[in-house]
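Structure first, commentary second.
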Amino acid sequence: MADSPVLGDYFVIRALENGVQLIGLTRGPETRFHHAEKLDRDEVMIAQFTEHTSAMKIRGKAIVYTKFGAINTSEREP
Ligand code: TRP
């Protein structure tokens, strides 16, 4: 991982409704949007963080699967 970002873990986003937005944010001193992707219901995106993308913002109802578990954006913790 130290020398190649493409060896990083994958994560999966599954849209639970139409029009879910995935927004990639840049790595480095300036944190800005550089990529937007729209997923419709049941569409899945498999992605990694890269040397260009350090964070991601998700708008809408989706399940995000990571090695830390699955996060449903529309469910509150009890
Ligand atoms: N071209 C982008 C990159 O290599 C694509 C990308 C990779 C991306 N992972 C992402 C975009 C996660 C949004 C979210 O960094």
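Assorted remarks:
- From the list Ser74, Ser4, the one residue that fits, being among the polar types (S, T, N, Q), away from the ligand (no atom under 13 Å from the Cβ) and loosely packed, with under 12 Cβ neighbours inside 10 Å, is Ser74.
- From Glu37, Glu77, Glu30, residue being modelled with pLDDT of 95 or more and part of a loop (DSSP other than H, G, I, E, B): Glu30
- Scanning the stretch 34-54 for residues that are touching a residue at least 24 places away in the same chain (Cβ under 8 Å), farther than 16 Å from Leu7 by Cα and in contact with a Leu (Cβ under 9 Å, 6 or more places away or on another chain) turns up Leu39, Arg41, Asp42, Met45.
- Every residue from the stretch 1-17 that is touching an Asp or Glu at 6+ places or on another chain (Cβ under 8 Å) and in a strand (DSSP E or B): Arg14, Ala15
- Residues located in the stretch 42-71, provided they are loosely packed, with under 14 Cβ neighbours inside 10 Å and either farther than 13 Å from Val12 by Cβ or within 15 Å of the ligand (Cβ to nearest atom) (or both): Val44, Ile46, Gln48, Thr50, Glu51, His52, Ala55, Lys57, Arg59, Thr66
- For the stretch 18-27, the set of residues classified as in contact with a Leu (Cβ under 9 Å, 6 or more places away or on another chain) and either part of a loop (DSSP other than H, G, I, E, B) or open to solvent by 50 Å² or more (accessible area, probe 1.4 Å) (or both) consists of Asn18, Gly19, Gln21, listed by residue number.
- Against the conditions (1) within 8 Å of the ligand (Cβ to nearest atom); (2) open to solvent by less than 50 Å² (accessible area, probe 1.4 Å); (3) of a type outside the set (Ser, Thr, Tyr), Glu37 satisfies every one except (2).
The values are calculated or read from the model by the stated rules, or taken from the named source; none is laboratory data. Because the structure is predicted, anything quoted here is derived from the model rather than measured. Neighbour counts are summed over all protein chains in view; Cβ atoms, including those assigned to glycine, are modelled from backbone coordinates with ideal geometry. All accessible areas refer to the heavy atoms of the entire protein, side chains included, with ligands and DNA or RNA removed. Shrake-Rupley method; radii C 1.70, N 1.55, O 1.52, S 1.80 Å.
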